[in-house]
Amino acid sequence: MTTPPSRTGGTGTTPTTPSAVPDDVERLRRWRLVLGGGEADGTGHPLSGRDAAMDGTLAALYGKEDGPRTGRDRAAGLGASAPSVARWLGDIRTYFPSSVVQVMQRDAIDRLGLAALLTEPEMLEAVEPDIHLVGTLLSLTRAMPETTKETARTVVRKVVDDLERRLAARTRATLTGALDRSARVTRPRHHDIDWNRTIAANLQHYLPEHGTVVPERLVGYGRAARSVRKDVILCVDQSGSMASSVVYASVFGAVLASMRAVSTRLVVFDTAVADLTDQLDDPVDVLFGTRLGGGTDINRALAYCQTRVTRPADTVLVLISDLYEGGIRDEMLKRAAAMKAAGVQMVALLALSDEGTPAYDREHAAGLAALGVPAFACTPDLFPEVMAAAIERRPLPVPDPDAPHPRAQSTPT
C-alpha cells in the first residue's frame, strides 16, 4: 500500500483530546492531513484554505483504502475526463515539491488506471516530466493520436535533454581517457610512459645489486587519434520492464556516437530485432523508434550483433536485459561463448537505471557469468566507468555490496 505524501511531516502520537496549545494544534493538523477524513480519523480537526485544498488533492488519489483504515471512505476521485486530471496535476505541483509530484503521478497511473489519459495533450502539458513518465509514454505511442504525439515528444525531449546535460560531459571525459590508455605504444615520449606496465614488462631485467629494473622495452599511452579505436554495440531489451534502461541507453548511445574514436551501434529487440544506429544523432528519435512491451528473444538479438562484429579484439558488446529469455537458451549461451572466444569484450547489464536491484533470470545470469561475461545491475552514474573498464579490459568496478545505496549489484555465480 502506498503511503500518501505529505509536506507537513511530523512524528509522535495522536493526542486523545484537542488542546489549545499551539504545538498540539499543529500536531493535530499534521495528523489530519496524513490520515484524512473527519471525525472518523480520531482528530476531529477541521481544515480550511490551503490545507483543505491540499487534502483534496490527496483524497482524489489516496481517498479509498482497503484494510483497517476504511473509516475514511472518501468518494473523491480523478474521474474519467482529461481536463479534471490536468487540473489535479496542476494542483499537486502547487502544493508539493517535484520529487513528491513524480511519486504521485506514478501512483495515479498505477492506482487509478490513467495510462490512457496520457494520450491527451492537455494532460501531457500538465505533467512533471521524469524518466518513468517517458517509459509510460513510449509504451502508449501506438495508441496515441497524431495530435498528441508532438506534445509527447516535447515531454520526452525535456527529460532526454536533462539527462544529456547530466551525463554527457563525464561520459566523454571518462571514455576518452580509457581510449588513450588502451592504445599502447612501444616508443613513447617520456611523459607518455606507462610506468606500471613498463616495469611489469621488464621484470626479467631486474638487477638486485642495484635494486632496479632496466627498462629495455618501454610501454606508453597512445595519444587520441582521429581513427576509430573501438567498436561499441549496445544491445537493448525493449520489453516493458526495461523502460528506464531503454531511455538511459538511448542517451548514452547518442553520447558515444558523438565520439570520433568510437564506432557505436544501437540494437533494440523484443522477439524481433531493430537496428537504430542511423537515428543515434537524436535520442528522442531512437526512443520513438522503440516498441516497449512484448516478448524477448535474446538469442536472435545476439545472432544479429554477431554478424556486425568485424574487429572482435576491439569490440565491446553491452547486453542490457533482465535475461528473461523467450528464445533458445542454449543457443544464446553458445553465441555469447563464441563471441568471447573470438575476443569480444562482453558485459551484461541487468538494468541501467536508478531503481536498485532488478528482477532478473538468475539461471541465465549465472550461465553468462560462467562464460566470463559479468552480469550486474548498473546505475547511470556508474556506466561511464563500466565502459572505461571494458575498453581497457580491466576488472569492472563493483562497489561494496554492504553500502547503503550501492551503485551496482553484482550477480551471484
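The values are calculated or read from the model by the stated rules, or taken from the named source; none is laboratory data. All of these numbers come straight from a predicted model, not from anything done at the bench. Note that we place each Cβ from the backbone using ideal geometry, even for glycine, and neighbour counts take in every protein chain shown.
So is Met332 in contact with a Leu (Cβ under 7 Å, 6 or more places away or on another chain) and farther than 18 Å from Val262 by Cα or not?
It is true that Met332 is in contact with a Leu (Cβ under 7 Å, 6 or more places away or on another chain) and farther than 18 Å from Val262 by Cα.
Could you figure out which of (1) at pLDDT below 95; (2) farther than 21 Å from Ser245 by Cα isn't true of Ala359?
For Ala359, the exception is condition (2).
List pairs: first residue in the stretch 352-363 and loosely packed, with under 13 Cβ neighbours inside 10 Å, second residue modelled with pLDDT of 80 or more and part of a loop (DSSP other than H, G, I, E, B) anywhere in the structure, Cβ distance under 8 angstrom, at least six positions apart or on different chains.
Sorted first by the residue in the stretch 352-363, then by its partner, the pairs are Ala359/Asp322.
What are the residues in the stretch 375-396 that are part of a loop (DSSP other than H, G, I, E, B) and either on the phi > 0 side of the Ramachandran plot or crowded, with 22+ Cβ neighbours inside 10 Å (or both), if any?
Residues satisfying the conditions are Pro380, Arg393.
Please determine whether any residue of the stretch 134-147 is touching a Pro at 6+ places or on another chain (Cβ under 7 Å) and closer than 20 Å to Ser245 by Cβ.
Scanning the stretch 134-147, I find no residue that is touching a Pro at 6+ places or on another chain (Cβ under 7 Å) and closer than 20 Å to Ser245 by Cβ, so the answer is no.
Looking at the stretch 281-301, which of its residues are basic (Lys, Arg) and under 19 Å from the mean Cα position of the chain (by Cα)?
Within the stretch 281-301, just Arg291 meets the criteria.
Of the residues in the stretch 397-413, how many are surrounded by 14 or more Cβ atoms within 10 Å (Cβ to Cβ) and at pLDDT below 50?
Qualifying residue count, the stretch 397-413: 7.
If the Cβ limit is 8 Å and pairs must be 6+ apart or interchain, which residue in the stretch 198-221 that is in a helix (DSSP H, G or I) pairs with which residue that is β-branched (Val, Ile, Thr)?
Thr198/Val219; Ile199/Val213; Ala201/Val219; Leu203/Val213; His205/Val213; His205/Val214
Among the residues in the stretch 332-340, are any in a loop (DSSP other than H, G, I, E, B) and not hydroxyl-bearing (Ser, Thr, Tyr)?
Scanning the stretch 332-340, I find no residue that is in a loop (DSSP other than H, G, I, E, B) and not hydroxyl-bearing (Ser, Thr, Tyr), so the answer is no.
If I filter the stretch 88-100 down to residues being surrounded by fewer than 19 Cβ atoms within 10 Å (Cβ to Cβ) and within 27 Å of the chain's Cα centre (by Cα), which single residue comes out as modelled with the lowest pLDDT?
Gly90
Are any residues in the stretch 37-58 at pLDDT below 75, in contact with a helix residue (DSSP H, G or I) (Cβ under 6 Å, 6 or more places away or on another chain) and either basic (Lys, Arg) or within 23 Å of Met104 (Cα to Cα) (or both), and if so, which ones?
Asp41, Leu47
Mind checking which pairs have a first residue in the stretch 89-107 that is touching a residue at least 60 places away in the same chain (Cβ under 8 Å) and a second that is of a type in the set (Lys, Arg), Cβ under 8 Å, 6 or more apart or different chains?
Tyr95/Arg7; Tyr95/Arg50; Phe96/Arg7; Pro97/Arg7; Val100/Arg7
With the requirement that a residue be over 16 Å from the mean Cα position of the chain (by Cα) and surrounded by 14 or more Cβ atoms within 10 Å (Cβ to Cβ), what does the stretch 140-156 give you?
Leu140, Thr141, Met144, Thr148, Lys149, Thr151, Ala152, Arg153, Thr154, Val155, listed by residue number.
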